[in-house]
Amino acid sequence: MGDKEKKEQITPRRRFFTDMAHHIGLGTMGVLLWGGYAAKAKSNPLTLRPPAALDESDFLKRCIKCGLCAEACVNRPQNIDKDGHQKPGTLKMAKAGDSVTIGTPFFTPRDVPCFMCDDIPCVPACPTGALDIAKVTNPKTNELDFRMMDMGVAVVDVHSCIAFWGLQCDACYRACPLLDEAIKLVYNRNDRTGKHAFLEPVINPDVCTGCGLCEKACVTEKPAIFVLPREVAQGKAGDHYVKGWDKKDQLRVGNRKEEDITTHNERSKKKPLDYLNNNGLGL
Amino acid sequence: MKFSNIKYLILRRVVQLGLLFLYFTGNVWGWKILQGDLSTSLLFNKVPLSDPFALLQIFATGAIVGTNVLIGALIIVLFYGIIGGRAFCSWVCPVNLVTDAAAWLRRKLLIDKIERKVWISRNIRYYMIIIALIVSAISGLAAFEVISPITILNRNIIFGIGSGLGFIVAIFLFDLFVVKNGWCGHICPLGGVHSIIGKYSLFRVKHTSENCTLCMKCRVVCPESQVLHMIGKKSITVNDIECTNCGRCIDICDDDALGFTVGKYIKENNKESK
């Protein structure tokens, strides 16, 4: 009887361990819940960032969500309409429900594209370096160069682009600030009529900055040309492909012999014929 | 109600709304007085001001930032550390408007007398700081900044209304029906950071117990009522770091037993020498 009472007493040691467990348990719960939300909050690969933004993960680390870039964008002197009224800015600060990490700057080209200002006012405004001024500074002249902007890359949906149907439309081509460089018109014979040409817009992703003026200008109901983040829009052939016809690319091979650049592994030691003779086909 | 009973309250509302107005003009009309928002601002287009807690979280993600933000955070730490104490919470933060409204309504509706009281620790805010830094390090995203109702409300006012306002309403309801001063007095990690920053600040509330009639109005109105433990007992300054220097206790006191003073140590030494 005495033993039982003793067992149920809360000793200082018991209290210490229970308190420890309490704090560690609640702390872990907090980290898991909050961490789960944070992981979800940062996962939208389709967000278009201001020019000179770092890679998305580095950008999200550094951006302090102050909105100075967006304020520089909307308040730039040239952002007024014919009547002298201020137009909405390109850069918006994400709100809850925008499916962009809350408080970070982004833009939606079909609403307001980036006008590629000469002085790029948004980038020097960034206090943290989330917008990296070096990315838009021309190393030769040491001046800001709007051609070095990189917000994304334009993509054409050839099935809804009416120029690919044979109709004459060069709205995106004309709207492009890097005229005849970022978008080129490729002429193809229209076999259906036999006497017309297709004027097909084709994007040069090395020149395109992703400003989205083409997307804004597109005449179709839902734009047939649109900007996507470069990571999403572009593939990658891999380093092991070398363009033999391109002298510059061929240099990557250097003086290496064929044996050096051939893959060597367990399987490559055997002859192809062995593979067949050893029932490699499983017949 | 006499003017002397709402003097600091009016002054605080003027400062809070004035700052929000200046932030608003910085975006909408391009005024160069106060640009940016509460996480980082630019005063007179020159002086950077940065939220030290946001900066800490950025450091926790492993990122390096520009010197302007470092200088801005240093200015804020020095200002509140030397002068203001935890004044950010009651004089600047826009959520204070919301939670004060909830606390006021709670008093008017006599909710404390009717509802079952829910108790949570006032130290949660300090654990929240640690958890915010850990989550920032794990997720690579300044963790409190994606849920902070302070900057959400602040940005809603500066850059336009969004659905984040629902969170603000939730905090209002939490403070009204769940815990008295629940958000600002228990949970908010930014309040915890500003409590720590203001530990040695000079601006303090001072109690003169000789004048006190023990009406306890001050303890009813105080959002951190535990800091007023000396009421009617000792004539000392309020030295608990959670005091926000809001001055409501001074406003409400009809007996001249509370007032602002500069320098907690000077006053304390005088007391001892008596």
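Values quoted throughout were computed directly from the atomic coordinates according to the rules given, and no laboratory measurement underlies them. Nothing here was measured: the structure is a model prediction, and the numbers come from that model. So basically every Cβ, Gly included, is an ideal-geometry build from the backbone, and we count neighbours across all protein chains shown.
Viscosity 1.306 mPa s, temperature 10 °C: Stokes-Einstein D of region A:233-276 from its Kirkwood Cα radius, in µm² per second? Present the calculation step by step, with values, prior to reporting the outcome.
Details: Rh = 13.2 Å.
It diffuses with D of about 120 µm²/s by this estimate.
Express the Stokes-Einstein translational diffusion coefficient of region B:202-273 in µm² s⁻¹, to the nearest whole number, given a Kirkwood radius over alpha-carbon pairs, 20 °C and a viscosity of 1.002 mPa s. Before the final figure, lay out the partial values.
Details: Rh = 12.0 Å.
After rounding, the answer is 179 µm²/s.
Only counting other Cβ atoms within 10 Å, I'd like B:W104, A:W245, B:W183, B:W91 sorted with the fewest neighbours first.
The most exposed by this proxy come first: A:W245, B:W104, B:W91, B:W183.
Fewest Cβ neighbours within 10 Å first, please rank B:F3, B:F260, B:F59 accordingly.
The fewest-first ordering by Cβ neighbours comes to B:F3, B:F260, B:F59.
Helix A:12-41 sits at what angle to the longest principal axis of chain A, using alpha carbons and giving 0 to 90 degrees rounded to 10?
The angle comes out near 10 degrees.
May I have the convex hull volume per residue, in Å³, for the Cα set of region B:1-100?
129
By the gyration tensor of its Cα atoms, with a ≥ b ≥ c the square roots of the eigenvalues, what is the shape of region B:3-196: rounded for a/c under 1.5, prolate for a/b over b/c, or oblate?
Cα axes put region B:3-196 in the oblate bin.
Would you list the membrane-span-like helices of chain B, meaning whole DSSP H runs whose alpha-carbon atoms span at least 18 Å along their axis and whose mean Kyte-Doolittle value is at least 1.6? Spell out each step's value before the answer.
Values: long enough: B:7-28 (31 Å, 0.98); B:95-108 (20 Å, -0.01); B:124-139 (21 Å, 1.99).
Membrane-span-like by this rule: B:124-139.
Which of the chymotrypsin sites (Phe, Trp or Tyr not before Pro) across region A:193-241 are loop residues per DSSP, with 14 or fewer other Cβ within 10 Å?
Filter output for region A:193-241: A:Y241.
Let a ≥ b ≥ c be the square roots of the eigenvalues of the Cα gyration tensor of region A:42-149; is it rounded (a/c under 1.5), or, if not, prolate (a/b larger than b/c) or oblate?
oblate
Considering the alpha-carbon set of chain A alone, what are its Rg and its Dmax in angstrom?
That works out to 29.0, 108 Å for Rg and Dmax.
Return the Cα extents of region B:136-242 along principal axes one, two and three, sorted largest first, each rounded to a whole Å.
51, 31, 26
Using R₀ = 51 Å, calculate the FRET efficiency as 1/(1 + (r/R₀)^6) where r is the Cβ-Cβ separation of B:K199 and A:N44; round to 0.05.
On the way: r = 40 Å, r/R0 = 0.79.
My answer for the efficiency is 0.80.
Find how much the distance from B:A101 to B:L173 grows on full extension, using 0.36 nm per residue of separation minus their present alpha carbon separation; answer in nm with one decimal.
Working: separation 72, 0.36 × 72 = 25.92 nm, distance 1.05 nm.
Length difference between fully extended and current span is 24.9 nm.
Seen from all sides and averaged, what is the projected area of the convex hull of the Cα atoms in region B:112-175, in nm²?
One quarter of the hull surface, i.e. the mean projection, equals 6.0 nm².
Can you list, by residue number, the Cys in chain B that have no neighbouring cysteine C-beta under 4.7 Å?
B:C89, B:C93, B:C184, B:C188, B:C212, B:C215, B:C222, B:C243, B:C246, B:C253
Report the local net charge at A:P201: Lys and Arg +1, Asp and Glu -1, summed over other residues whose C-beta lies under 13 Å from its C-beta. Intermediate values should be presented prior to the final figure.
On the way: positive: A:R174, A:K184; negative: A:D157, A:D170, A:D180, A:E181, A:E200, A:E215.
Local charge sum for A:P201: -4.
How would region B:152-205 be classified by its alpha-carbon gyration tensor: rounded, prolate or oblate, with rounded meaning a/c under 1.5 and the a/b versus b/c comparison settling the rest?
Taking the square roots of the gyration eigenvalues as a ≥ b ≥ c, region B:152-205 is oblate.
Mind listing P(r) for the protein assembly as shown? All alpha-carbon pairs, 20 Å bins, whole percents.
Calculated over all Cα pairs of the protein assembly as shown, the distribution is 17, 40, 27, 13, 4, 0 percent.
Given a Förster distance of 22 angstrom, what is the FRET efficiency for A:A237 paired with A:T262, based on the Cβ-Cβ distance and rounded to 0.05?
It comes out at approximately 0.70.
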